[in-house]
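The values are calculated or read from the model by the stated rules, or taken from the named source; none is laboratory data. Treat the numbers as computed from the prediction; the structure is a model and nothing was measured. Neighbour counts run over all protein chains shown; Cβ positions are idealised from the backbone, glycine included. Quick note on the areas: whole protein, heavy atoms, side chains included, nothing else; ligands and nucleic acids left out. Shrake-Rupley method; radii C 1.70, N 1.55, O 1.52, S 1.80 Å.
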Amino acid sequence: MVKKASPPSKIAATLPGAFLIGGLICLLGQMLIDGYAALGVEQKFCPVAASCTLVALSALLTGLNVFDNIAKYAGAGTLVPITGFANAVASPALEFKTEGMVLGVGAKMFLIAGPVIVYGVAAGVLYGLIIWLFGLY
Amino acid sequence: MSVIFLSYLKAFVVGGLICLVGQLLIDFTKLTPARILVAFVVAGVFLSGLGLYQPLIDFAGAGATVPLTGFGATIARGVRDAVREYGFMGILLGPLTASAAGITAAMIAGLIVSLVFKSGDKS
Amino acid sequence: MAKKQGKQTYLMQQCLTVRAWAAVGSKKEGQGPLASGFDLIEPDSTFGQDSWEKAESRMVSLTADKALSNAALTYEDIDCIFAGDLLNQCVGTTFGLRDSGIPLFGLYGACSTMAEGMLLASLLVDSQTVRRAMAVTSSHFCTAERQYRFPLEYGSVRPPSAQWTATASGAVVLEEGNQPPYLRAVTVGTVEDLGVTDQNNMGAAMAPAAAATLRRFFTDTNTSPEQFDLIATGDLGAIGSQLLVELLQRDGIDIKSRHTDCGLLIYDRQKQDVHSGGSGCGCSASVLGSYLLPSLRDGKIRNLLFMPTGALLSPTTVQQKESIPGIAHLVWLSHEKEGIL
């Protein structure tokens, strides 16, 4: 009964936004990679530098109260790229500023992003154990 | 020129498609955003471990490295390199080595932003 | 002394009137269809404060002040106040009223608090224990988001079933008197839970509680929906409203033509991005003050069953995957002193 009464998200409305904005963010990433390469940054660091630039940009847009308005239309388009991670770190830092720099900003920064690091690292350790045990490296 | 255009097109399409998968998860499951982030990073670690993600990075460039699966792939690459170099200790040293830049950038950017700005009402 | 009738209903024995009321809202409420009925619309949702919690407290004190000035009274004239909000330890209320000097009862009934406050205030006034009592509740979108959901700047997507916490507050002053609107009876709600666990679908979680209280009121008073012009639930939203109507239909009670929901009245769902409608203690309280009470005074509504619903969850119970219990309290407000019973 509850299911029947609750409308699903409008699929037709959410998918193009996610594809378009997600794609554009990756396109921007590619332009940054090429740009850093042209500036003489060492090839293997270019993707990292591009990702970090996107992180900084997302944090800035979060601070300017713009990121959430883009995300409203983008959905997973801003969530899934590294921009989503940056927003997950910056938004609680900003929000809990009123509770102080240490227990507010410092502690709450990982409210949403903490699990991402924890389980990413855990998966990495599991993978490391497997390749170490079976000599797959 | 057309090579560059093609690389941009590939980045756009592959990146867009990975986001599309995320949107389908949002629409069809009750997964919260935090869970989706975790799922993508963990998936990236394992896809990279199975050797499936590097070909995608070679093909699409930022289209594969910018999504969080790429972040997971970076963690896996860090582990692989570290185990190769240090053996068992590499298991502990690796995960955060390659991903350090992204995490540090997010922390510092978050910190600076919180010093400068304030949260605002939604409209 | 109010007379207990049936299991959960109390009929007022004195002639209780809502002497004055007030409704305060912010930007989004000011863009809604009821904007002109509000006593004050503060477009800046910080209310000039440096934290969202202080903003909500400021809103509470503004609302209480406004209700008193509408009643041409001062804080000294009020014997006690029943008040609550959605924040942990009800800090919106207590900080907002700390300088008022009114004897305070802090309440938590989630979004049903306005009815709970009016209910307790009316019992106390009707028993002539106190002469004049007040009820006030508030909710603030930003404080609710940061306590119950995500940081404000977090780019999450709200599903269509989600509701929008109103940044609003409402207050009423109750006493014995001879002018409408009158408060005729109250029904105390029970906690009901049909196992809905989705925090983004609270209307559905609260509908069973609303159905139970309404059914109980009709049974206790031996009345039927046709005898009332309007049944206004608090914040069931579009989905919860539909479920309430269906739940009651099963018991042969048809309220469809006379039911509305404060969460649907406060915003324009076509033009304002609020998904399933408004919610929060301030939603029903401000709709009461901006629209329902003036209509009752003028006789445009003659008999109203005001029944805000509350979802009794906390972030902890949600994370522990508990279902969401609901509660609904009912207040019968009327343009007439007697009749129907």
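Screening the candidates A:35, A:135, A:114, A:40 for the property of being within 21 Å of the chain's Cα centre (by Cα), of a type in the set (Gly, Ala, Ser), more than 7 Å from every other protein chain (Cβ to nearest Cβ) and open to solvent by 10 Å² or more (accessible area, probe 1.4 Å) yields one hit, A:114.
Under the condition of being free of Cβ contacts under 8 Å to residues at least 12 places away in the same chain and among the acidic types (Asp, Glu), the residues counted in segment C:23-64 number 1.
Please work out if residue A:17 is crowded, with 23+ Cβ neighbours inside 10 Å, touching a residue at least 40 places away in the same chain (Cβ under 8 Å) and not acidic (Asp, Glu). Outline the logic, then answer.
On the way: crowded, with 23+ Cβ neighbours inside 10 Å: no; touching a residue at least 40 places away in the same chain (Cβ under 8 Å): yes; not acidic (Asp, Glu): yes.
No, not satisfied.
Number of residues in segment C:147-174 that are surrounded by 24 or more Cβ atoms within 10 Å (Cβ to Cβ) and either touching a strand residue (DSSP E or B) at 6+ places or on another chain (Cβ under 6 Å) or basic (Lys, Arg) (or both) equals 12.
Rundown of residues vs (1) farther than 30 Å from residue C:269 by Cβ; (2) open to solvent by 50 Å² or more (accessible area, probe 1.4 Å), yes/no style:
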residue: C:8; (1), (2): yes, no
residue: C:32; (1), (2): no, no
residue: C:82; (1), (2): yes, no
residue: C:103; (1), (2): yes, yes
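Taking the conditions (1) open to solvent by less than 50 Å² (accessible area, probe 1.4 Å); (2) under 22 Å from residue B:36 (Cβ atoms); (3) out of contact with any Cys (no Cβ under 9 Å at 6 or more places or on another chain) in turn, residue A:100 satisfies each one other than (2).
When segment B:18-31 is filtered for residues that are without any contact (Cβ under 8 Å) to a residue 12 or more places away in the chain and either hydrophobic (A, V, I, L, M, F, W, C) or facing another protein chain (nearest Cβ under 8 Å) (or both), the ones remaining, listed by number, are B:20, B:21, B:23, B:24, B:26, B:27, B:28, B:30, B:31. Kindly check whether there is at least one residue in segment A:28-36 that is in contact with a helix residue (DSSP H, G or I) (Cβ under 8 Å, 6 or more places away or on another chain) and not in a helix (DSSP H, G or I). No, that holds for no residue.
Which residue, of C:62, C:87, C:68, C:73, is of a type in the set (A, V, I, L, M) and touching a strand residue (DSSP E or B) at 6+ places or on another chain (Cβ under 6 Å)? First the steps, then the outcome.
Numbers: C:87 fails: touching a strand residue (DSSP E or B) at 6+ places or on another chain (Cβ under 6 Å); C:68 fails: touching a strand residue (DSSP E or B) at 6+ places or on another chain (Cβ under 6 Å); C:73 fails: touching a strand residue (DSSP E or B) at 6+ places or on another chain (Cβ under 6 Å).
Unique residue meeting the criteria: C:62.
Among the residues of segment C:18-37, those that are out of contact with any Pro (no Cβ under 8 Å at 6 or more places or on another chain) and outside any loop (DSSP other than H, G, I, E, B) comprise C:19, C:20, C:21, C:22, C:23, C:24, C:25, C:28, C:29, C:35, C:36.
Restricting the first member to segment C:121-132 and to residues that are more than 15 Å from residue C:11 (Cβ to Cβ), and the second to residues that are in a helix (DSSP H, G or I) and open to solvent by less than 20 Å² (accessible area, probe 1.4 Å), the beta-carbon pairs closer than 8 Å and six or more apart or on different chains are C:131/C:125; C:132/C:125. Filtered by the rule that a residue be within 7 Å of another protein chain (Cβ to nearest Cβ), under 17 Å from the mean Cα position of the chain (by Cα) and surrounded by fewer than 24 Cβ atoms within 10 Å (Cβ to Cβ), segment B:79-104 gives B:80, B:96, B:101, B:102, B:103.
Selection of segment C:75-107 for residues being modelled with pLDDT of 95 or more and either polar (S, T, N, Q) or not assigned by TED's automatic domain parsing to the domain that holds residue C:167 (or both) yields C:93, C:94. Evaluation of residue A:65 against the conditions (1) within 13 Å of the chain's Cα centre (by Cα); (2) facing chain B (nearest Cβ under 8 Å) shows that the sole unmet condition is (1). Of the residues making up segment A:74-109, those that are among the hydrophobic types (A, V, I, L, M, F, W, C) and facing another protein chain (nearest Cβ under 7 Å) number 13. Annotation: of all residues in segment B:1-13 being over 16 Å from residue A:74 (Cα atoms) and under 18 Å from the mean Cα position of the chain (by Cα), the one that is farthest from the other protein chains (Cβ to nearest Cβ) is B:10. Every listed requirement among (1) touching a residue at least 60 places away in the same chain (Cβ under 8 Å); (2) open to solvent by less than 50 Å² (accessible area, probe 1.4 Å) is met by residue C:14 save one, (2). Of A:129, A:60, all but one fail to be closer than 18 Å to residue B:114 by Cα, at pLDDT 95 or above and open to solvent by 30 Å² or more (accessible area, probe 1.4 Å); the exception is A:60. Beta carbons closer than 7 Å, at least 6 apart along the sequence or on distinct chains, pair a first residue in segment A:43-65 that is assigned to a helix (DSSP H, G or I) with a second that is surrounded by fewer than 18 Cβ atoms within 10 Å (Cβ to Cβ) for A:43/A:37; A:46/A:37; A:48/B:101; A:49/A:41; A:52/B:101; A:63/B:116.
Out of C:197, C:187, C:223, report the one residue that is in contact with a strand residue (DSSP E or B) (Cβ under 7 Å, 6 or more places away or on another chain) and either in contact (Cβ under 8 Å) with a residue 24 or more places away in the chain or within 30 Å of residue C:20 (Cα to Cα) (or both). It would help to see each step written out before you state the result.
Working: C:197 fails: in contact with a strand residue (DSSP E or B) (Cβ under 7 Å, 6 or more places away or on another chain); C:223 fails: in contact with a strand residue (DSSP E or B) (Cβ under 7 Å, 6 or more places away or on another chain).
Criteria check complete, one pass: C:187.
For residues that are touching a Phe, Trp or Tyr at 6+ places or on another chain (Cβ under 7 Å), open to solvent by 10 Å² or more (accessible area, probe 1.4 Å) and within 20 Å of residue C:329 (Cα to Cα), scanning just segment C:118-146, find the one that is farthest from the other protein chains (Cβ to nearest Cβ). Top of the filtered list is C:123.
If you go through segment C:269-286 one residue at a time, do you hit one that is more than 13 Å from residue C:165 (Cα to Cα), more than 17 Å from the chain's Cα centre (by Cα) and either assigned by TED's automatic domain parsing to the domain that holds residue C:21 or in a helix (DSSP H, G or I) (or both)? Looking for residues that are more than 13 Å from residue C:165 (Cα to Cα), more than 17 Å from the chain's Cα centre (by Cα) and either assigned by TED's automatic domain parsing to the domain that holds residue C:21 or in a helix (DSSP H, G or I) (or both), one finds none in segment C:269-286, hence no. Say whether the condition of being among the hydrophobic types (A, V, I, L, M, F, W, C), farther than 30 Å from residue C:341 by Cα and in the same structural domain as residue C:172 (by TED's automatic domain parsing) is met by at least one residue in segment C:3-21. There is no residue in segment C:3-21 that is among the hydrophobic types (A, V, I, L, M, F, W, C), farther than 30 Å from residue C:341 by Cα and in the same structural domain as residue C:172 (by TED's automatic domain parsing).
For residues that are within 7 Å of chain A (Cβ to nearest Cβ) and touching a residue at least 24 places away in the same chain (Cβ under 8 Å), scanning just segment B:32-53, find the one that is most open to solvent (accessible area, probe 1.4 Å). Give the derivation first.
If we filter segment B:32-53 for residues that are within 7 Å of chain A (Cβ to nearest Cβ), which is where we start, we get B:33-34, B:36-38, B:40-42, B:45-46, B:49.
In the following step, the residues that additionally are touching a residue at least 24 places away in the same chain (Cβ under 8 Å) were identified as B:37, B:40-42, B:45-46, B:49.
Working: B:37: 2, B:40: 18, B:41: 0, B:42: 39, B:45: 0, B:46: 74, B:49: 31 Å².
Checking each candidate, the answer is B:46.
Of all the residues in segment C:153-177, those that are among the aliphatic types (A, V, I, L, M) and in contact with a His (Cβ under 9 Å, 6 or more places away or on another chain) number 3.
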